[in-house]
Each structure stands twice: as structure tokens, then as C-alpha cells.
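What follows is one structure encoded as C-alpha cells, with my remarks underneath.
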């Protein structure tokens, strides 16, 4: 299951992983895939990204941000610049303790923007 997630940068859902794993393990159940993905998350080998009712899995467990296309659902990793961002500095200066940061840029990917311009 880990390999199925690690071999893609698409941040797959459990259903996507199930379809891939089923090709080599036809008798695997969706429940087994869900359980194994959760075990991999608990072991720190995968991270989850959840918005609404959708959970996607990521084998890149290093801190990073995301771009999310609101039209097609593309979820793209964005490397973090070194240092803290201004919002973090402001919060820390006010006494807040920051454990982690989750930053999503939401907009339209190049393909969706192009389709909108072309009227498709």
C-alpha cells in the first residue's frame, strides 16, 4: 500500500490506492486498504490531507505546503521557504506556541485557467 502512494505525487484517495493494489492482490478489500493506510499514517510513513469528506494520502512526510485547484482538485506540493512566515512571527510575538503549519493556496491550475479563457 505504501508503494502505491509513494509512486505517485497525486495525493491519492484510499479508493485510488485500492484500485492500484487490487491489480496485484485481487482479493484485497477496501477495508484492508483503509486499515493499512491508517497504520502507515500512525507509523509516520504517510500523511493525510483532509478537506470536507475527502481524505488523500501523501508519502512526503516532510513539512510542505499545497496548492489546490478548486476546479479539478489538483493537489500540488509546494516546498517551504526556509524561516518563518510573517503570520507565524506575529503569533509567536503574542505568546502563541506553534506546533505545525498547514498552508493551502487555493485557486485555479494552469489547465483550468486555460479552459476558462478558451470557453471550454
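Here residue 8 clears all of (1) part of a loop (DSSP other than H, G, I, E, B); (2) surrounded by 11 or more Cβ atoms within 10 Å (Cβ to Cβ); (3) touching a residue at least 24 places away in the same chain (Cβ under 8 Å) except the condition numbered (3). The single condition among (1) closer than 30 Å to residue 99 by Cβ; (2) in a loop (DSSP other than H, G, I, E, B); (3) in the same structural domain as residue 108 (by TED's automatic domain parsing) that residue 77 does not meet is (2). Taken as a whole, the condition of being farther than 26 Å from residue 18 by Cβ and free of Cβ contacts under 8 Å to residues at least 12 places away in the same chain does not apply to residue 101.
Residue under question is residue 56, and the condition is that it be within 16 Å of residue 11 (Cα to Cα), at pLDDT 85 or above, in a loop (DSSP other than H, G, I, E, B) and in the same structural domain as residue 7 (by TED's automatic domain parsing); does it hold? When the stated conditions are applied, residue 56 does not pass them.
Yes/no per residue for (1) farther than 24 Å from residue 2 by Cβ; (2) assigned by TED's automatic domain parsing to the domain that holds residue 116; (3) out of contact with any strand residue (DSSP E or B) (no Cβ under 8 Å at 6 or more places or on another chain); (4) not in a loop (DSSP other than H, G, I, E, B):
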| position | (1), (2), (3), (4) |
| --- | --- |
| 31 | no, no, yes, yes |
| 35 | no, no, yes, yes |
| 45 | no, no, yes, no |
| 49 | no, no, no, yes |
| 67 | yes, yes, no, yes |
| 87 | yes, yes, yes, yes |
| 97 | yes, yes, yes, no |
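The values are calculated or read from the model by the stated rules, or taken from the named source; none is laboratory data. Keep in mind that this is a model prediction, so the values were computed, not measured. All Cβ positions, glycine included, derive from the backbone under ideal geometry; neighbour counts span all protein chains shown.
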